[in-house]
1. Which pairs have Cβ atoms under 7 Å, sit 6 or more apart or on different chains, and link a residue in segment 97-114 that is under 15 Å from Leu67 (Cα atoms) to one that is small (Gly, Ala, Ser)?
2. Regarding segment 98-114, can at least one residue be identified that is among the hydroxyl-bearing types (Ser, Thr, Tyr) and more than 15 Å from the chain's Cα centre (by Cα)?
3. Tally time: how many residues in segment 56-68 are over 15 Å from Glu110 (Cβ atoms), surrounded by fewer than 16 Cβ atoms within 10 Å (Cβ to Cβ) and in contact with a Lys or Arg (Cβ under 8 Å, 6 or more places away or on another chain)?
4. In segment 123-139, what count of residues is obtained for those that are buried (at least 16 other Cβ atoms within 10 Å of the Cβ) and under 13 Å from Met40 (Cβ atoms)?
5. Would it be correct to say that Asp68 is at pLDDT 95 or above, among the charged types (D, E, K, R) and closer than 22 Å to Arg140 by Cα?
6. Please state which of the following conditions Pro150 fails to meet, knowing it meets all the rest: (1) on the phi < 0 side of the Ramachandran plot; (2) at pLDDT 95 or above; (3) more than 16 Å from ligand 1 (Cβ to nearest atom).
7. Could you tell me which of the residues Arg81, Arg91 is surrounded by 15 or more Cβ atoms within 10 Å (Cβ to Cβ) and touching a Pro at 6+ places or on another chain (Cβ under 9 Å)?
8. Looking at Leu53, is it surrounded by 12 or more Cβ atoms within 10 Å (Cβ to Cβ), modelled with pLDDT of 85 or more, of a type in the set (A, V, I, L, M) and closer than 21 Å to Asp104 by Cα?
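The values are calculated or read from the model by the stated rules, or taken from the named source; none is laboratory data. Note that this is a predicted model, so its numbers are computed, not measured. Every residue, glycine among them, receives a Cβ derived from its backbone with ideal geometry; neighbour counts consider all protein chains shown.
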Amino acid sequence: MTTFPNKLTATALALVGALAIASFAQANAQSADDGKAGGMKRSDTNGDGKISLDEMSQRRGKRFDKLDANGDGKLSEDELRAKIKKNPEKRSKRMVKRMDKDGDGMISREEFDALTAKMFSRIDANSDGFVDEAEMQTFRKKRRDKKNKPADGNSN
Ligand SMILES: [Ca+2]
Ligand SMILES: [Ca+2]
Ligand SMILES: [Ca+2]
């Protein structure tokens, strides 16, 4: 039975490897989900092939309304948690922390719109007030590259 511990170690290593792959797949699923939110065609309501800040705000506003379960115009951590499928605990906390500027623990429509505007100007590389397909693709690629870079392997 002296070989048993070694076998166990091998099994444990295989398990760790499988877990790493699983969490990697999860991260990818998340970014795919985020990509959908910025989907070009659905955001481009007037069909000119570009997205104005107005169009992006409108689209994200719909999302806001969907998230605002009790309709009080603010998103609580609970409301976010209820709609987030993966890592709801962690992600809802992170979202509130990132967007809540006045520190009331809720995300107001203004706070939500502020982030949309910030995001928009980041995507609009030539600052002409419109996001076109190329700018969107560049942004997505940048984000993907950032995600694939193993920044901190010790989180979790
Ligand atoms: Ca609410
Ligand atoms: Ca707030
Ligand atoms: Ca542009």
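1. That search, which allows pairs on different chains as well, returns Met106/Ser76; Ser108/Gly73; Arg109/Gly73; Asp113/Ser57.
2. Initially, segment 98-114 is screened for residues among the hydroxyl-bearing types (Ser, Thr, Tyr), giving 108.
Then drop every residue that is not more than 15 Å from the chain's Cα centre (by Cα), which leaves 108.
Looking through segment 98-114, at least one residue is among the hydroxyl-bearing types (Ser, Thr, Tyr) and more than 15 Å from the chain's Cα centre (by Cα).
3. Total satisfying the criteria: 1.
4. Initially, segment 123-139 is screened for residues buried (at least 16 other Cβ atoms within 10 Å of the Cβ), giving 123-124, 130-132, 135-136, 139.
Checking the rest, the ones that are also under 13 Å from Met40 (Cβ atoms) come to 123, 130-132, 135-136, 139.
Final tally of qualifying residues: 7.
5. On the way: at pLDDT 95 or above: yes; among the charged types (D, E, K, R): yes; closer than 22 Å to Arg140 by Cα: no.
When the stated conditions are applied, Asp68 does not pass them.
6. (2)
7. Details: Arg91 fails: touching a Pro at 6+ places or on another chain (Cβ under 9 Å).
Exactly one residue qualifies, and that residue is Arg81.
8. No; evaluated as a whole, the condition is false for this residue.
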